[in-house]
Amino acid sequence: MAVVPDKGNKDIYEQVKQVGDVILGISTQCVQFKQVRGAKPQVCSNIAMKINAKLGGINHIPFNPDQKFLLKEPTIIIGADVTHPSAGDTKTPSIAAVVASLDPNASRYCATVRVQDHRQEIIGDLSTMVKQCMIQFRNKLGFKPKKIIFYRDGVSEGQFDQVLKHEVRAVQEACVQLEPTRDYQPGITFVVVQKRHHVRFFPNSREDQCGKTGNVPPGTTVDQGITHPFEFDFYLCSHYGIQVSIHCYSRLSFFCMLLPLLQ
């Protein structure tokens, strides 16, 4: 654990992570001095959970009857995204990252990262990255996944065809590379997640309102009426809306995610 100054700690934070993650291979946790001095119970709890996760511990296990399909057949949940440099930067490369679950509760996970061309959204080495994650899944549980649920963030509608052509094929290639001499073809569900849209949902009556904010309840799903006429998509309000709907309409768009299912 490294205690850093309250202000101007960006450079120190980057140096600590560089030494810990790259040079020494040691997990690190940076904490601002004011948080150490105050030592509020909630802050201590949050930091303890972060440290527990970094050391391989489990903080939460989802409990939902609809999640039992994860236990019936070996299922790996994979998430992928690409981070691009800030506006005006013409040289810094983009960073592609893939994270995959390693247990039936999706509470343990592994990650792999690649550097790629400046502002390239399509993940170039995705097949190798997915293969590495699936190898760790197999080593951890002793068997290969029969289903793959792949969540992809940061893709616009204009890039759907590119993703379908390159990244879905890359996941299929990873399966072939994992078992080159066998007919290994797990089911693949490829989901693109979009958060930047202008759709807002409001309860029809007071009985439908949730909590003090009066928003729609978490888990609300809309899959007809306003969805795409051709793509298979739906809107999901995945958790509580913390802003009052009658005072802040635009914030509701952050609690609804468009998930077109490409395959």
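Selection of helices (runs of 4 or more DSSP H) fully inside region 30-129 by the criterion of at least 1 residues being farther than 29 Å from residue 4 by Cβ returns 69-72. If you go through region 201-224 and keep only what is open to solvent by 80 Å² or more (accessible area, probe 1.4 Å) and closer than 30 Å to residue 161 by Cα, you end up with 223, 224. Residue pairs whose Cβ atoms lie under 6 Å apart, sitting 6 or more positions apart in sequence or on different chains, and linking a residue in region 222-245 that is touching a residue at least 60 places away in the same chain (Cβ under 8 Å) to a partner that is part of a strand (DSSP E or B) and hydroxyl-bearing (Ser, Thr, Tyr), do not occur here.
A count restricted to region 4-28 and to residues that are open to solvent by 60 Å² or more (accessible area, probe 1.4 Å), out of contact with any Leu (no Cβ under 7 Å at 6 or more places or on another chain) and within 21 Å of residue 48 (Cβ to Cβ) stands at 3. If only residues of region 130-153 that are assigned to a loop (DSSP other than H, G, I, E, B) and crowded, with 16+ Cβ neighbours inside 10 Å are counted, the one that is nearest to the chain's Cα centre (by Cα) is 145. Only one of the numbered conditions (1) of a type in the set (D, E, K, R); (2) open to solvent by 50 Å² or more (accessible area, probe 1.4 Å); (3) within 29 Å of residue 182 (Cα to Cα); (4) out of contact with any strand residue (DSSP E or B) (no Cβ under 7 Å at 6 or more places or on another chain) is not met by residue 103, and that is (2). The residue that is nearest to residue 237 (Cα to Cα), counting only those in region 172-193 that are assigned to a strand (DSSP E or B) and open to solvent by less than 30 Å² (accessible area, probe 1.4 Å), is 193.
The values are calculated or read from the model by the stated rules, or taken from the named source; none is laboratory data. Worth saying up front: this structure is predicted, and the values here are computed from it rather than measured. Glycine gets a Cβ as well: all are built from the backbone with ideal geometry, and neighbour counts include every protein chain shown. Ligands, DNA and RNA are excluded from the accessible area calculation, which covers all protein heavy atoms including side chains. Shrake-Rupley method; radii C 1.70, N 1.55, O 1.52, S 1.80 Å.
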